[in-house]
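Here is the structure we will look at, set down as structure tokens.
The values are calculated or read from the model by the stated rules, or taken from the named source; none is laboratory data. The structure presented is a predicted model; accordingly, all values stated were derived computationally and were not measured. Cβ atoms come from the backbone with ideal geometry, glycine included; neighbour counts cover every protein chain shown. Remember, those area values only see protein heavy atoms, side chains included, never the ligands or the DNA or RNA. Shrake-Rupley method; radii C 1.70, N 1.55, O 1.52, S 1.80 Å.
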Amino acid sequence: MSKGSAGHTPGFLVWRLANKWRVAVDRAVAPLGLTHAQYSLVASLHAMQRTGERPSQRRLADHTGMEALYVSKLARALESAGLIERHRDPRDPRAVQLALTERGRDVTGQAIAVVHELLQQLLEPLGGLASSRTRAFTDELRTLLDVPLAPSAPDDNSSEGTTP
């Protein structure tokens, strides 16, 4: 793909890279009983808890970029697996707070180590995880991710049902 990708759009290449990395992470964390999406959720939760935060499902959805309904589905599965606990937020009875269980912290720690090694391997063409090229690449990705999506325009169906 790399040599023949010169004519592809940036969107196509980002999509291909995201899919390639998703598959790689799925394979890497599968022995720990996780999917890439579940890993993204527990790793984010782990980082947030380390700073003292006990995020709601909504906050975690915003942080990960996942839909709130999908985070809720993942949280229920992770709760069933004994990796997280879900509790009503005492300040907002509509909100559900998430926290890793002891087992969840252990599995998440292992998963983070596995994914860190994988990222080192995947970023080797740029000089590895700590290289200046990887930092520049990360900065460029952040720039693109920080641009808000424009609201989608409604379909112009004003001429439907009329005769030309």
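Do any GluC sites (Glu not before Pro) in the range 28-116 lie in a DSSP loop with no more than 10 other beta carbon atoms within 10 Å, and if so, which? Counting only loop positions with at most 10 other Cβ atoms within 10 Å, the GluC sites (Glu not before Pro) in the range 28-116 are Glu67.
Amide H to amide H distances under 5 Å link Val96 with Gln57, Arg58, Asp89, where only residues 5 or more positions off or on other chains count and H is placed in the peptide plane.
Charges were assigned to the Cβ only: +1 to each Lys and Arg, -1 to each Asp and Glu. The resulting dipole of the chain about its Cα centre is roughly 440 debye. Taking Rg/Rh (Cα atoms, Kirkwood Rh) straight from the coordinates, which label in (i) 0.96; (ii) 1.07; (iii) 1.11 is the correct one? Checked against the structure: label (ii).
3J(HN,Hα) along the range 53-67, derived from phi through the Karplus expression 6.51 cos²θ - 1.76 cosθ + 1.60 where θ = phi - 60°, amounts to 7, 10, x, 7, 4, 4, 4, 5, 4, 4, 5, 8, x, 8, 5 Hz, with x in place of Gly and Pro. Using C-alpha pairs below 8 Å separated by at least 6 residues, the relative contact order for the chain is 17 percent. Could you work out the local net charge near Ala111, counting Lys and Arg as +1, Asp and Glu as -1, over the other residues with Cβ closer than 13 Å to its Cβ? In short, 0. The 1.4 Å probe gives accessible areas that order Met66, Met48, largest first, as Met66, Met48. A straight line joining the Cα centroids of the range 13-78 and the range 96-157 runs 10 Å. Projecting the Cα atoms of Pro31, Leu74, Ala6 onto the charge dipole of the range 1-92 (Cβ charges, centred on the Cα centre) puts Ala6 farthest toward the positive pole.
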